[in-house]
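The values are calculated or read from the model by the stated rules, or taken from the named source; none is laboratory data. These figures come from a predicted structure and were not determined experimentally. We place every Cβ from the backbone using ideal geometry, glycine too, and count neighbours over all the protein chains shown.
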Amino acid sequence: MRINPIARWVTMSAALTIFASGSVLAENFERGQELFEDQCGGCHYNFLSPNKDSKIKTMSALRERVVSWAAHTGSEWGNSEFDDVLYYLNKSFYHFTDKEL
């Protein structure tokens, strides 16, 4: 049985995309952790155990909070820095399932 060259190309492209996206996410996690530890961790590291009384219930609420505190600290973060920190915080502490950032 011969495999269609186009089907082979599509399969290889899909596999490469999946592999590459996994490594990007790992870099984002590490970068988010580093940014958080450098800019936020001094004050907030001990307060990252969300509980039922937490006001942060969604990714958008988490983003609002991180953006607000970044302004207080004078951080000049762009969207990619915020996305990385949010990814780190969500994977490590919040575990929201919504995909919005």
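Summary of computed values
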read-out	value
Residues within segment 54-92 that are within 15 Å of Q33 (Cβ to Cβ), in a helix (DSSP H, G or I) and not aliphatic (A, V, I, L, M), tallied	10
Segment 49-101: number of residues that are buried (at least 17 other Cβ atoms within 10 Å of the Cβ), at pLDDT below 90 and not hydrophobic (A, V, I, L, M, F, W, C)	2
